[in-house]
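Comments concern the structure below.
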Protein chains: 2
Amino acid sequence: MSDTLAVTGLETPVPVVDLDVVERNLSRMQGYADAHGLALRPHIKTHKLPRFAQAQVALGAVGITCQKLGEAEVMADAGLDDILISYPLIGPHKARRLAALARRVTMRAAIDNPLALETVALAGQEAGRQIGVLVEFDSGMHRTGVGSVDEALTLIAQVRAADGLRFDGLMTYPSSAATVEFVRAIKDAGVDLPIVSGGGTPRAAHAHEIGGVTEMRVGTYIYNDRTLVEVGAATLEDCALLVHATVISRPAGDRAILDCGSKTLSSDLIPRGASAGYGLLVDYPDAVIDRLSEEHGMVDLSRSGAKPALGERVRILPNHVCVVTNLHDEVVVSRNGIVEGIWPVAARGMTR
Amino acid sequence: MSDTLAVTGLETPVPVVDLDVVERNLSRMQGYADAHGLALRPHIKTHKLPRFAQAQVALGAVGITCQKLGEAEVMADAGLDDILISYPLIGPHKARRLAALARRVTMRAAIDNPLALETVALAGQEAGRQIGVLVEFDSGMHRTGVGSVDEALTLIAQVRAADGLRFDGLMTYPSSAATVEFVRAIKDAGVDLPIVSGGGTPRAAHAHEIGGVTEMRVGTYIYNDRTLVEVGAATLEDCALLVHATVISRPAGDRAILDCGSKTLSSDLIPRGASAGYGLLVDYPDAVIDRLSEEHGMVDLSRSGAKPALGERVRILPNHVCVVTNLHDEVVVSRNGIVEGIWPVAARGMTR
């Protein structure tokens, strides 16, 4: 009996991460940040794994970014000690948890409204130490973020006046031409900005062109996915996570059914993309995963000359890898096709 | 300090189940099945909770349906003892696990191809007992299932000839006019069909009109969801699971941001439905959750006269409740707005 297990021997469906690709992706992004004098603060939402967060910091990241407190708690428990919550926290529950975190690690939080300011201030007062605040502005995403320079200046003044808070700068997502303009306007108003945090893997290679940005918040670059290949920000060889699946039925000549549905791949499509379907069958690029049930992936083979056989194992590049890791309690990590470990996705499902 | 916790005091986002509604839904479906002499074999994919599976059996269900072996293992561990795997199992891993299950509980499996037949037969031989097989046919879903009566008859003959297997009947999803025809053709060929298993909550109230069907596989009826309301199979009052969320930002007059994104609600839309967005804000029915990030729900308020305030708690009826429970490690169960328990979603993420 062999001591090694090939990834092709794993029961499917299963997400498999190639550590060589991960390491290359991490080094490349850190090298880019270093070359341009940018701080790198990776977003852990993609991998949700303390070990990869530690690897990112070991390579030179200044700290990590988390969206939710639950993610930050997992990471702090694992020894990560400089964490930005890039998300408005609202209410006494969140204040209490942020305070508990701030007592043991360096915490910052982004805010875009007075209630979030109040929550973070309460946490700082409870923790007995100042919490750094970034004011989030809208650079075109129309998600969170204040919409005008005036609103930002008002919030900044309120942060400066609040007990328990320290104004550290600005945050936005994604980095854009509007970012440059906004940052300049705030500086022109006489505000010092130690940190201007921009984000997004798709345009990460252009971060140094966004005047004023000091810090990169990027997540997906560790694994990459079909969306990033679609926009030209990654190649197939840069994609570290593939879902291995099995053809469990071939009910018609032009149809294969895979043992992975929306519970494995998610229902995310490529936004505004030309690529159809719920993921790319890397060995059958002309096949289309055109429908998903929760546990079934329906593959249209009509445009695919080669057709996978019943029982065959196939590999799928997910459209959006962050939501895929969130579906799985564990990922398999591998090198050269050999299993190196099965890691619990510790910060999975941490929506609070 | 009070001994009770109101659901309105829970940290958000959080899925909250109303036990009164669940009990009403379970009784109603069992009553329908009993009234029409149909066996009820609920699909646990919706709730994924051993306690609700036990409640379904206590009310009269003949057993349960699971899609994957991992779900069946959780349910068998909890004492459920009559389980149908409504899914083609392929390969030696699956055979071994099915055999282990068959040694301790009554197992059946659906097949639609020779490799699945071989897998189940191997399990029956390993377990030293016959495993009941249902042959799946396609009644219009174009998912799994044999496409013709001839193929079904061939598979049935192979099942009857195989060691370790017992032919128990047919299975399809959903029940339809094509179901009636197919079943009649198989019977006309002289095949005895102890079980004909049909499925689907949307048309469950018409199951007794589908001649030949003996057993109902339904799942979603326990909670119901926006899709079922859309097709007229449930009312809002029949919906047992709502996601409670908080307005964490109001960056523009017509836009609210919720603390629930695709990691909380999933990206499932209403199939071919008239209702837009990623869920229904039950107290703001004219608001539209028109975009999701992983942790943000973007709400378009332009057509909503009433607009939720920053910090306000809101309740969301999910489009597709089965994938929502699969995202959460726990659900809160409640009665009259008071928390009765926090239950681990034991069969969550069991994709293998």
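Every number in this text was worked out from the coordinates using simple rules, so none of it is lab data. Just so it is clear, the structure is predicted and the values come from calculations on it, not from any experiment. Using ideal geometry, Cβ is built from the backbone for each residue, glycine included, and neighbour counts are taken over all protein chains shown.
Brief remarks follow.
- Entry for the protein assembly as shown at q = 0.11 Å⁻¹: log10 I(q)/I(0) = -1.15, Debye formula applied to identical alpha-carbon scatterers, no solvent contribution.
- At an R0 of 45 angstrom, the distance between the Cβ atoms of residue A:160 and residue A:302 translates into a FRET efficiency of 0.10.
- Coupling constants for the range B:225-234 follow from the phi torsions by the Karplus curve (6.51 cos²θ - 1.76 cosθ + 1.60, θ = phi - 60°), and in residue order they are 6, 5, 5, 5, 5, 4, 8, x, 8, 7 Hz; glycine and proline get x.
- Inter-label distance, residue B:235 to residue A:27: 6.5 nm, where each label sits 7 Å from its Cα along the C-beta direction.
- Antiparallel DSSP beta bridges within the protein assembly as shown, as percent of all bridges there, nearest 5: 50
- Whole-Hz Karplus values for the range B:38-47 come out as 9, 6, 10, 10, x, 8, 7, 4, 6, 9 Hz, taken residue by residue from phi with 6.51 cos²θ - 1.76 cosθ + 1.60 and θ = phi - 60°; glycine and proline positions read x.
- Full extension of the chain segment joining residue B:20 with residue B:3 gains 4.1 nm, where the gain is 0.36 nm per residue of separation less the Cα-Cα distance.
- Selected from A:233, A:152, A:276 as most flexible by GNM, with chain A as the system and alpha-carbon contacts under 10 Å: A:276
- Point-to-point label distance, residue B:142-residue B:184, nm (Cα→Cβ direction, 7 Å offset): 2.5
- Charge dipole of the range B:20-222 about the Cα centre (unit charges at C-beta), most positive-ward option of B:50, B:172, B:120: B:50
- Using only side-chain charges placed at the Cβ, +1 for Lys and Arg and -1 for Asp and Glu, the dipole size of chain A relative to its Cα centre rounds to 420 debye.
- Ellipticity estimate at 222 nm from DSSP helix runs (n ≥ 4, -39,500 (n - 2.57)) divided over chain B, nearest 500: -8500 deg cm²/dmol
- Inter-label distance, residue B:309 to residue A:206: 4.2 nm, where each label sits 7 Å from its Cα along the C-beta direction.
- On full extension, the segment bounded by residue B:254 and residue B:103 gains 48.4 nm, given 0.36 nm per residue less the C-alpha separation.
- Cut-off under 5 Å, modelled amide H: who pairs with residue B:330 long-range: B:345
- The range B:20-222: C-alpha gyration tensor shape, a/c 1.5 cut-off, then a/b vs b/c: oblate
- Counting from the shortest, the label point at residue B:185, 7 Å from Cα toward Cβ, is 6.8 nm from the same position in each remaining copy.
- A:317, B:236, B:84 arranged by Cβ crowding within 10 Å, fewest neighbours leading: B:236, A:317, B:84
- Contact order normalised by residue count of chain A, Cα under 8 Å, 6+ apart, percent: 20
- Listed pairs B:68/B:94; A:68/B:45; A:68/B:263; A:263/B:68 exceeding 18 Å between Cα atoms: A:68/B:45
- Highest-first packing order for the peptide set A:251-263, A:328-340 is A:251-263, A:328-340, based on the mean count of other beta carbon atoms within 10 Å.
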